[in-house]
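Taking it in order: structure first as structure tokens, then the write-up.
None of the figures in this text is laboratory data; all of them are computed from the coordinates on show. Quantities reported herein were computed from a predicted structural model and do not represent experimental measurements. Every residue, glycine as well, gets a Cβ built from its backbone with ideal geometry; the counts of neighbours run over all protein chains shown.
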Amino acid sequence: MTSHAEAAHGSHEHHGPPAAHKSSRVDARVLGMLLFIGSEIMLFGSFFAVYFFVRVANPNAPSEWPPAPYEFPVFVAGINTAILVTSSFTMHWALQSIKRGQRPAFLAGMVLTFVMGLAFLLTQVIEYLHVGFNTGDGAFASVFFGLTGLHGAHVAVGLTLLGMVIIRGFRGHFSPEHHHGVELPGIYWHFVDIMWIVVYSTVYLL
Amino acid sequence: MESPFRSEAAAFRFLLITIGAFALIVAASWIDPWLGFAVWVLLTAGAVAVYLHQRGPRPPRQHVEHVGLPDERRVLVVANETVGGEELMSAIGELALAGRTQFLVVCPALNSRLKTWTSDEDPARAAAQKRLGATIARLASVGIEARGEVGDADPLVAIEDGVRTFHPDEVVISTHPEGRSNWLERGVVSAARERFDVPVTHVVVDLGPQDTT
């Protein structure tokens, strides 16, 4: 009885260990991105736990959200949400374009995505400057800045990734066969968008 | 199960679903906060149910190359508790009589999902090794030489491992009868037929009244 892989197969010539067993059928790079997003969900989850404690579980929770006299800029954030969601459409368009070999459309899609992401981030900075409260004005303010700031940091990371894709794209990288470097930032960008939908809905609208 | 982030296109679809779901939750919350909570619970339960019941993409069919001497057949036998069953023994005996045949008997280390997740695999592997040892000895006693390996708890992964290292010309899968077989319920035999381009023989072993798995 043996418990090891058979080393020789007669006429079958093979050097080294058998080919990697890929029974999970998940590409290592995609698996890495999945694990990363899993950890991100836990990070956001901890911030949401704080938010729900402050707003719901806390015995001294304010009856109004945000507590008077403060107000969240719901309309401006709504416009910002529309900008970010649109950037996901352009990201998707860019990837589909490179898959079809349409380089100008790919580059246009990437640049548009980047510009909209940057617009979102700059609008958020302006929103912070005019929101009328600061982190010292109560737990609700800390939670607001914590959640939206954490998301903003992710947008900044996403913009860095998109920037690298744009630079590589203009240098002639990527093709219909090789576009993994666009696919992964695309997954990340959609994840950032999804998290914003959750943040905007819970913090601003509910 | 498929991850909603397995590709950019899947993540984009997930984003659209999220927008729709949260639009419903927010609208319901504006009517009544408890209604919003109920919608959230319903949508989350629905999403979890869909996620758990969806089938992943079918893996491509694998070509299994014949190795060894031209007149030699290599048979991969995969069996769980039925490994020592009479029906399987006679099937192996018939194959051995048909010509020069090499056997590799793989016994998956059957384990509960919880124990697999917590890496508590030693008892399962020991039990599989015990069953395997008894079977190899029994085959040897009737003049059939066979190698044995303890395989992955997932029978399809165990078969795939065996195919990669042994290059069989035929796969024999032994299961309990229909209605009592977890493997048949999970479609292991049909999945193996779809995945590998070698003949897959299904042997049903009835271990009697005590056969309940």
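For chain B, what does the helix formula give at 222 nm: sum of -39500 (n - 2.57) over DSSP H segments with n ≥ 4, over the residue count, nearest 500 deg cm²/dmol?
After summing the helix terms and dividing by the residues of chain B, the value is -16000 deg cm²/dmol.
Residues in the range A:177-206 near a label at A:PHE36, defined as backbone nitrogen under 15 Å from the 7 Å Cα→Cβ point?
Residues A:180-193 qualify, since their backbone N sits under 15 Å from the label point.
For B:LEU35 and B:GLU65 in the same chain, what is the full-extension length gain: residue separation times 0.36 nm, less their Cα-Cα distance, in nm?
Contour length minus the Cα-Cα distance gives 4.8 nm.
For the range B:73-204, evaluate the Debye formula with one uniform point scatterer on each Cα (no solvent term) and list log10 I(q)/I(0) at q = 0.09, 0.14, 0.20 Å⁻¹, rounded to two decimals.
The calculated log intensity ratios at q = 0.09, 0.14, 0.20 Å⁻¹ are -0.23, -0.57, -1.20.
Report Rg/Rh for the protein assembly as shown, rounded to two decimals, where Rg is the Cα radius of gyration and Rh the Kirkwood radius.
Values: Rg = 28.7 Å, Rh = 25.8 Å.
So for the protein assembly as shown, dividing Rg by the Kirkwood Rh gives 1.11.
If R₀ is 35 angstrom, what is the calculated FRET efficiency for the pair B:TRP117 and A:HIS178, using the beta carbon separation as r and rounding to 0.05?
Plugging the Cβ-Cβ distance into 1/(1 + (r/R0)^6) gives 0.45.
Once the cut-off is 20 Å, how many percent of the Cα-Cα pairs in the range A:28-205 end up in the long-distance tail?
56
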